[in-house]
């Protein structure tokens, strides 16, 4: 069974845009013009309904996948970015990632 968990905490630095329009911080080219591991990131890049979308983030803290932070009953979502609302999960992550409000 695949173990799931949280591996990073980041702050959003730019709004979501279609992947064709995304230029990462520190780059002069759009992400699709850069070498990518994702094989089909450009599929449907002209269709707002089907395109991949991207946001800029500043990583605050991260862990290797094998050291993912988890607990039984934690809110889980396969999306890379989501807004957390589950108070038990938020409190857990604040402790694990040493986040202070």
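Structure notes:
- The residues of the range 1-20 that are in contact with a helix residue (DSSP H, G or I) (Cβ under 9 Å, 6 or more places away or on another chain) and surrounded by 13 or more Cβ atoms within 10 Å (Cβ to Cβ), listed by number, are 5, 6, 7, 9, 19, 20.
- Of all residues in the range 27-73, those being in contact (Cβ under 8 Å) with a residue 40 or more places away in the chain and part of a loop (DSSP other than H, G, I, E, B) number 6.
- Tally, over the range 6-23, of residues that are modelled with pLDDT of 95 or more and not in a loop (DSSP other than H, G, I, E, B): 5
Yes/no matrix, rows are residues, columns are (1) modelled with pLDDT of 85 or more; (2) within 30 Å of residue 33 (Cα to Cα); (3) surrounded by 11 or more Cβ atoms within 10 Å (Cβ to Cβ):
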site	(1), (2), (3)
48	yes, yes, no
52	yes, yes, yes
55	yes, yes, yes
71	no, no, yes
81	no, yes, yes
84	no, no, yes
88	yes, no, yes
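The values are calculated or read from the model by the stated rules, or taken from the named source; none is laboratory data. Being a predicted model, the structure only gives us computed values, none of them experimental. Here Cβ is always computed from backbone atoms with ideal geometry, including for glycine, and neighbour counts include all displayed protein chains.
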